[in-house]
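Following: one structure in structure tokens, then a few remarks.
The values are calculated or read from the model by the stated rules, or taken from the named source; none is laboratory data. It should be emphasised that the depicted structure is a prediction, and the values quoted were computed from it without experimental measurement. We place every Cβ from the backbone using ideal geometry, glycine too, and count neighbours over all the protein chains shown. Surface accessibility is based on the protein's heavy atoms, side chains included, excluding ligands, DNA and RNA. Shrake-Rupley method; radii C 1.70, N 1.55, O 1.52, S 1.80 Å.
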Amino acid sequence: MFIPLHDANTLKHIKVQWVTMALIAVDFAIWLFTGVVASQSVSQATIVGLGYIPAVSFHHATLAPALALIPEPLTYITYSFVHSGFWHLAPNMLFLWVFGDNVEDAMGHFRFLVFYLLCAAVGALVHGLVGPTSEAPLVGASGAISGVVTAYVVLHPRVKVWVLVLMRVPLPLPAFVPLLLWIGQQFVMLVLEPNGGISWGAHVGGIVAGGVLVLVMRRRGVPLFDREVVMPRAVRDRPTPNPAMVAVPGQPLRPRLPWDKP
């Protein structure tokens, strides 16, 4: 439907989005080593060994010991760092680059990392519930990215985002317009193609997780839906002190003299 290009949304609590950049770097590094440098057999073994397989998770099938690279519960996380090709990886990382920094800003570095991994895990779980007997490995960060997108639209629905519509037309739109359309598409496609080549279940799981987790994992005082923090009236209406005047107890205000302390 669209490709995000840039958002006009500055960071407020952090200077650099270290976790967002680290996640992108790790994903690209794993793809380079397993999808480019490694042989095809090693690449396939990585997808099977680190991918999430519903039939294995729900005990409908077992994985050969030589292919079981890690304990099965860890695949709820590791699948999100493995991609089947560049054009599988690049769109996910572009979404993470555009939207992840502001979600990380709203949560802090550590909580954002936990948030990202939880969204990935819930995405895998929903994917497994949709097709519990599937033996096809699930790979890709789209479940976690779906959670990031949902958190962003909950936090910043009115921020202008430049998007490339239908691969041709660049438009600046309020974030809620393209992102809510994208979120709605995931639910529609889950109903129409529950077992298609794209895991709409993982997307929907990430969306639900992101929408719930952002409510409890954002920093204290960070508003939702771009609402400004309202200052109490007693503070808002308090007169601003005049630096040219000095207040002396029991006396009216007088001009500041050179020997008065600032």
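Computed values, structure above
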item	result
Linear extension gain, ALA29 paired with ALA45, 0.36 nm per residue minus alpha-carbon span	4.1 nm
Surface accessible to a 1.4 Å probe, per residue, for the residues of the chain, Å²	56
Nearest-10 value in Å² for the accessible area of ASP7, using the 1.4 Å probe	20
Added length on full extension, which subtracts the Cα-Cα distance from 0.36 nm per residue, VAL216 to TRP87	43.1 nm
Pair ASN195, HIS60: separation of 7 Å Cα→Cβ label points (nm)	0.7
Distance between the stretch 42-59 and the stretch 9-41 - C-alpha centres, whole angstrom	21
Descending semi-axes in whole angstrom, ellipsoid equivalent of the chain, from the Cα gyration tensor	47, 20, 18
The stretch 13-96 - Rg (one decimal) and Dmax (whole number), Cα, Å	14.5, 47
Where the Cα pairs of the stretch 108-203 fall when distances are cut into 10 Å bins, in %	15, 39, 34, 12, 0
Coarse-grained scattering of the stretch 18-154 at q = 0.09, 0.15, 0.20, 0.21 Å⁻¹, given as base-10 log I(q)/I(0) from a Debye sum over alpha-carbon atoms	-0.26, -0.71, -1.16, -1.23
Fraction of accessible area attributable to carbon and sulfur, the stretch 189-231 (%, probe 1.4 Å)	64
Under 12 Å, Cβ to Cβ, from PHE99 - net charge with Lys/Arg +1 and Asp/Glu -1	-4
Total charge dipole magnitude, the chain, about the Cα centre, Cβ charges on Lys, Arg, Asp, Glu only, Debye to nearest 20	1400
Candidate residues GLU135, GLU104, GLU72: accessible-area rank, largest first, probe 1.4 Å	GLU135, GLU72, GLU104
